[in-house]
Each structure stands twice: as C-alpha cells, then as structure tokens.
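One structure is given here, and the rest of the page talks about it.
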Amino acid sequence: MSDLIRNLEKIFKAAGDRNRLRVINMLTLRAMCVCEIQAVLKVSQSTVSGHLKVLREAGLVTDSREGLWVEYHLEGETPFARKMLSCITDQLRDDPVMTRERQEAGRVSRKNLKCGV
C-alpha cells in the first residue's frame, strides 16, 4: 500500500471518532493542554492523550512545549489534512452542541484547573 493511501486512512480514522471531532472543535479556539481538553470532554487523561496521539499521527494536530505543559494545536501538516480540517471545522461551526462545547472550552483555563502542579 502506498504512503498516500496510508495517510488518507489515518486522517479518515482520526476524523471518524466523536471525541476526536470534539477535540478538533475545541482546538479551533486556541491551543490547549490535555487537562483543559479533559475538563471539557469529561474523560480520563489517558483517553484524551490517546485521542491526541491519533490526531497527531494523522497530521491534524501538532504539539509544542509551553513551560510545564504540552499544548496541542490544530494544524494540518499536509495540504489534504488542511483541507479536511477546513471541511470538518466548517461543519462543526453550525452544530449547537459543538457551539456549546466551544463556549465551555473558552472558559477552561489550566490555571484554574491546577494542571501540571
């Protein structure tokens, strides 16, 4: 199987999970750390980390260290990944449930959560 097909498969697998779509939705606002995402999703840290790993391996999310935290950014690494993110985020923008989650994500702060302490 070609690298192109493997990459497409990773992107579609990553986008085919409800919680990973929720993560993509939140990351449209700003870069976030695991504990901020966890606070909105209300799942374990290991579950969030697993979803972020799949998104990162698909080239939909990147990460960077910011002091004590690793921040996750919505950033397509290939032209196709960027197009897919654009299509996904356009669709999520109008969904009322996703709108509420973005609002909740906007209120979450690692400082209030005492992340990394």
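Evaluating 6.51 cos²θ - 1.76 cosθ + 1.60 at θ = phi - 60° for every residue in segment 91-102, the Karplus couplings come out as 5, 5, 4, 8, 7, x, 5, 5, 4, 4, 5, 4 Hz, glycine and proline recorded as x. Amide H to amide H, with H built 1.01 Å from N, Val61 comes under 5 Å of Arg56, Glu75, counting only residues 5 or more places away or on other chains. Taking amide H positions as modeled 1.01 Å from N, with prolines and chain starts lacking one, the residues under 5 Å from Val70 and 5 or more places away or on another chain are Val34. Other residues whose C-beta falls under 9 angstrom from the C-beta of Leu52 contribute a net charge of +2, scoring Lys and Arg +1 and Asp and Glu -1. For segment 41-49, 3J(HN,Hα) computed residue by residue from phi via the Karplus equation (6.51, -1.76, 1.60; θ = phi - 60°) reads 6, 6, 10, 5, 4, 5, 5, 4, 4 Hz, glycine and proline entered as x.
The mean of 1/r over all distinct Cα pairs in the chain, once inverted, gives the Kirkwood hydrodynamic radius of 14.4 Å.
Any read-out appearing in this document is the output of simple, stated calculations on the displayed coordinates, not a laboratory observation. Every value quoted in this text rests on a predicted model; they were computed, and no experiment measured them. Every residue, glycine as well, gets a Cβ built from its backbone with ideal geometry; the counts of neighbours run over all protein chains shown.
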